[in-house]
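Participant: The structure's right below; bear with me while I get my questions together.
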Amino acid sequence: MAKELKLMKGNEAIAEAAIRSGCDGYFGYPITPQSEVMEHLMVEKPWETTGMVVLQAESETSSINMVYGGAGAGKKVMTSSSSPGISLMQEGLTYLAGAELPSLVVNVVRGGPGLGTIQPSQADYFQAVKGGGHGDYQMYVLAPASVQEMYDFVFKGWEIAFKYRNPVMILSDGAIGQVMEKLYVGDYVPRWTEEEVRKFAPWASMGKPADRDHNIITSLELDSAKQEKHNHKLQAKYREMEEKEVLFETINCEDAEYIFVAYGSSARIAQKAIQLGREKGIKVGLLRPITLFPFPKKQVAEFSKKVKGMLAVEMSAGQMVEDVRLAAEFRCPVEHFGRYGGIIPTPHEVLEALEEKIIKG
Amino acid sequence: MTEEIIIAGFGGQGVLSMGKILAYSGAMQDKEVSWMPSYGPEMRGGTANVSVIISDERISSPIISQFDTAIILNQQSLDKFQDSVKPGGVLLYDPNGIFNPPTRKDINIYKVSATEKAADLGMAKVFNMIVLGAFLKVKPVVTEEFIEKGLMKSLPERHHAMIPENLKAVQTGKSLVEAVHIL
């Protein structure tokens, strides 16, 4: 595959990846800090080249329901927003999960609660991985830590979404959305033809041929026995994801006595804190969950048997740390360090927190 | 080599685009780069700043709080970032509008009268490139050849006719920079 070097913001990388990955439709409503997603699409005008639809809806509620409609027809469709907009979409997300519709939703998180701030935050972890909408459902949640991953995870998102017939969320934040870094882009993947949609999404509702029954897209089932059966099917799917689709990265962990657990931009800050710590002789490494659901529980459990302590670093008051503690099962101390409301921790603060909360203990 | 830089001034001075040209030039020279703007409800006349990192290695955090070099274009930014320069680092400033000059004794301080020079030469549009030239004289983190390539890549084609003037401004900045306090 030909690789071309670009310098782009994380938000622009999402849009570039949408066009290059054969996305059929993007529906969105502007909100800081992710407005460059739609801006870049409007500059590139993919409707003139790949035929991709780009539409500014009248609200986020409308965007997510356009995604539902497009996904029901077997199309690769997506939306993006930031925290308050994603809150408006929660009904749509649980419907997408219930109706088993492949789809891609990008959340470039900002500080909350409420309208909050426009600065970066990671306080939407619970909403993303524990279900912000109602019912027992899970999204596959990817947490990019670079502009390259913003791009790559759009492709990964389609793969998982269609493999499992499930909504996928890219949970980013204002820092990764706004930062500009080097990006290598690949060739254009063509959009699926009608024959390909019939082949890869045989469940899609796109006109009934004579040789099969109606394909019905719904999340409604009034017969509770059938609804429980449907839930069993969904749960089996989520367990399979936990079995097969966990992604994570370890950095400087070979000799580590202490571990930072951090995702997204916090993982980048933690890497700098590792450099500072190692200059002082502190053997510290990083476990970076790349998928937040499924969470790398086994890896946390493994480390909890080997290290003297773990510090979960996140731009929230303490959300992911709960999953770290559950997986560590008290085998080692697990503490949390966070700044929030749009404040980004400095690498020095992170290292100090490790020294205070874990090493001095 | 890792160079961590903050460029700060008024919105409209070309702070963000100077950072972008520097980042592009670094990328063209096969370095790792990051460009992290302060984004916010900012407007023309308000303050704007951007952190740029140029490195031979993979960049850990694009978000940094201490800098090898601070390029300062107004008093508010000087007040805000003077203390964030690492000991032994560089502070480069344009004295235009600076009524409280930098006071630190543990860093290298340079000034470039870019606002004045740009006005004299009628080159107000490339003011930021004069400042960039001054920086490159002090810290040659990218070579001139790649500044040209960076300009080609970062400017839309309709502005490519402006590239020679931009490069001339870089030269002007290189000869204009003055040492104020050297360790």
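The values are calculated or read from the model by the stated rules, or taken from the named source; none is laboratory data. Everything quoted here is computed from the prediction, not taken from an experiment. Here the Cβ positions follow ideal geometry from the backbone for every residue, glycine too, while neighbour counts run over all protein chains shown. These accessible areas exclude ligands, DNA and RNA; they are computed on the full protein's heavy atoms, side chains included. Shrake-Rupley method; radii C 1.70, N 1.55, O 1.52, S 1.80 Å.
Conditions (1) over 15 Å from B:G14 (Cα atoms); (2) surrounded by fewer than 15 Cβ atoms within 10 Å (Cβ to Cβ), marked per residue:
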{"residue": "B:I109", "(1), (2)": "yes, no"}
{"residue": "B:F127", "(1), (2)": "no, no"}
{"residue": "B:M152", "(1), (2)": "yes, yes"}
{"residue": "B:R158", "(1), (2)": "yes, yes"}
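Participant: Also, I was wondering about something else. Only one residue in B:T69, B:T115, B:T103 is away from every other protein chain (no Cβ under 14 Å) and part of a loop (DSSP other than H, G, I, E, B). Which one?
Facilitator: B:T103
Participant: Quick one: how many residues across region A:273-296 are touching a Leu at 6+ places or on another chain (Cβ under 9 Å) and closer than 17 Å to A:G338 by Cβ?
Facilitator: Residues meeting the conditions: 3.
Participant: Which residue out of B:L132, B:L121, B:L167 is open to solvent by less than 80 Å² (accessible area, probe 1.4 Å) and within 22 Å of B:F10 (Cα to Cα)?
Facilitator: From the options B:L132, B:L121, B:L167, the qualifying one is B:L132.
Participant: Another one. Please enumerate the residues belonging to region A:324-344 that are touching a strand residue (DSSP E or B) at 6+ places or on another chain (Cβ under 8 Å) and modelled with pLDDT of 95 or more.
Facilitator: Correct list: A:V324, A:R325, A:A328, A:C332, A:P333, A:V334, A:E335, A:H336, A:F337, A:G338.
Participant: Could you identify the single residue in A:R239, A:R212, A:R198 that is open to solvent by less than 70 Å² (accessible area, probe 1.4 Å) and charged (D, E, K, R)?
Facilitator: A:R212
Participant: Taking into account only those residues within region A:173-191 that are open to solvent by 50 Å² or more (accessible area, probe 1.4 Å) and closer than 21 Å to A:V106 by Cβ, which is farthest from the other protein chains (Cβ to nearest Cβ)?
Facilitator: That would be A:R191.
Participant: Oh, and also: A:V141: of a type outside the set (S, T, N, Q), in a strand (DSSP E or B) and closer than 23 Å to A:E58 by Cα, yes or no?
Facilitator: No; evaluated as a whole, the condition is false for this residue.
Participant: When you scan region B:83-106, do you find a residue that is open to solvent by 50 Å² or more (accessible area, probe 1.4 Å) and in contact with a His (Cβ under 9 Å, 6 or more places away or on another chain), even just one?
Facilitator: Yes, because at least one residue in region B:83-106 is open to solvent by 50 Å² or more (accessible area, probe 1.4 Å) and in contact with a His (Cβ under 9 Å, 6 or more places away or on another chain).
Participant: Quick check on region A:323-355: of everything there that is aliphatic (A, V, I, L, M) and within 24 Å of A:E279 (Cβ to Cβ), which residue is nearest to the other protein chains (Cβ to nearest Cβ)?
Facilitator: It comes out as A:I344.
Participant: With the structure loaded, tell me whether B:K80 is of a type in the set (K, R), touching a residue at least 40 places away in the same chain (Cβ under 8 Å) and over 16 Å from B:T47 (Cβ atoms) or whether it fails that test.
Facilitator: Answer is no for this residue.
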